[in-house]
């Protein structure tokens, strides 16, 4: 059968330009890297105190401080620590690792599909979709570097599993399990998507049924082992419940399956309509490819069914109500499922409609690029507000002396939210951006809009007498900056 890469036009082009495919692979990896590597943004959320700790006390203190907290996901901070180690604590190092991981995802998809795909172009389009995650803006933030690392491990595991099914060598299935375990030790988000991946790959690749069964059992077992370690064994190692998972389970557990469906459905219909549209589009694509003879009919049903059930991957966040209400986590897990659905296309394409598939691949690339740009732009207003605050704080923190602190009184309700610097991140962020360790306190007056991540101004925190040093405006109102001495009786 003919395929896109074997059609006369494409074959002629490739024969005349043998460097074309390698060049496009390099371009795809560079695009994925560039979209994620934005060092001028500094940091965004949890990275501020992590970078401050590394700069003040070094890597060993960093590891000791977070050892017990991260025991339930023991490799969670390793990618972040690697970035900080490269730059001596500067938070842009986390962006560097994030960019490398994104480029690695693109290359890993191309590698995973190399022994199956008839079309370089389809594989490249799917690889770009997975690496640029157009339905998940959170993937462009440093805080989701562990999640991105786990996604990379899932892709590598898919490639290893394909080779196990094709060749039957034990080393491939062993490395599949090891790779998944390492990835989910960074972030357990793919724990449900991984078994789904195993089922889809096992059905799509020609292999004996014993190999297929072993593939699904091993992958499911790896997910189960990591989950049991995280939820049970880690608690036994730290009986006080100071691990990340234990703390979040205690903070907001979910009642049952009905609660999960209700909360995920509410989030998707309220904040994730683009994700829903993506699910429907990829489900429809499976039907179109099957009806046009581009892939076998049963493969079309497999692709469509995988897309439809992709939101089920969010079940992994059953431990905390807030996780199920977070569109970024819901979009992450759903995007993993959609990426798995798209893998069916290059694995099962029979090359009967190469030009038609080329058009679909081009549309997928266009949608992916537009979605990625939208994802990066989504965070820019928050970053601009943060940087405006840093600039206004700079002369004030340098003016403060001795026991004095800087107090930010926000009358607008702008700051203090998850993405506009909660109180417990403001000082660390100011320290890094302004090279001054003066403590910064964020609060609001009783007549002001309440700040989600800050408390009302209290003399115990701000002192009885504060002197106004600076004021500035944000779209929602005014912000005053004072200098004071906490607990002062003057």
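Identify all residues within the range 166-193 that are farther than 16 Å from residue 220 by Cα and over 14 Å from the mean Cα position of the chain (by Cα); write none if there are none.
166, 167, 168, 169, 170, 171
Could you tell me whether residue 425 is in contact (Cβ under 8 Å) with a residue 60 or more places away in the chain, buried (at least 21 other Cβ atoms within 10 Å of the Cβ) and either on the phi > 0 side of the Ramachandran plot or not in a strand (DSSP E or B) (or both)?
yes
Considering each residue of the range 156-176, count those that are crowded, with 21+ Cβ neighbours inside 10 Å and farther than 21 Å from residue 206 by Cβ, and give that number.
The number of residues fulfilling the criteria is 1.
For the range 78-116, which residues satisfy the criterion of being surrounded by fewer than 24 Cβ atoms within 10 Å (Cβ to Cβ) and not in a helix (DSSP H, G or I)?
Correct list: 88, 89, 90, 114, 115, 116.
Can you find even one residue in the range 9-16 that is part of a helix (DSSP H, G or I), modelled with pLDDT under 90 and surrounded by 19 or more Cβ atoms within 10 Å (Cβ to Cβ)?
Yes - at least one qualifying residue is present in the range 9-16.
Give me the residue from the range 117-138 that is at negative phi and not in a helix (DSSP H, G or I) and, out of that set, nearest to the chain's Cα centre (by Cα).
Looking at the filtered set, the residue picked out is 136.
It is to be established whether one or more residues within the range 122-141 are crowded, with 23+ Cβ neighbours inside 10 Å and over 30 Å from residue 203 (Cα atoms).
Yes.
Within the range 442-479, which residues are modelled with pLDDT of 95 or more and under 23 Å from residue 51 (Cβ atoms)?
The answer is 442, and nothing else.
Regarding the range 394-417, can at least one residue be identified that is surrounded by 14 or more Cβ atoms within 10 Å (Cβ to Cβ), modelled with pLDDT of 90 or more and on the phi > 0 side of the Ramachandran plot?
Yes, the range 394-417 has at least one match.
Do the conditions hold for residue 87, that is, is it at pLDDT below 95, in contact with a helix residue (DSSP H, G or I) (Cβ under 9 Å, 6 or more places away or on another chain) and under 28 Å from residue 233 (Cβ atoms)?
In short, no.
If a residue counts only when it is crowded, with 24+ Cβ neighbours inside 10 Å, which helices (runs of 4 or more DSSP H) contained entirely in the range 295-351 have at least 3 such residues?
297-309, 327-348
Have a look at 152, 135, 160 and point out the one that is more than 20 Å from residue 307 (Cα to Cα) and modelled with pLDDT of 95 or more.
Exactly one of 152, 135, 160 is more than 20 Å from residue 307 (Cα to Cα) and modelled with pLDDT of 95 or more, namely 160.
Could you check residue 471 against (1) touching a residue at least 12 places away in the same chain (Cβ under 8 Å); (2) in contact with a helix residue (DSSP H, G or I) (Cβ under 9 Å, 6 or more places away or on another chain); (3) assigned to a strand (DSSP E or B) and say which number it fails?
The one condition residue 471 does not meet is (1).
The values are calculated or read from the model by the stated rules, or taken from the named source; none is laboratory data. Note that the structure is a prediction, hence the values are computed from the model and not measured. Methodologically, a virtual Cβ is constructed for each residue, glycine included, from the backbone with ideal geometry; neighbour enumeration extends over all protein chains shown.
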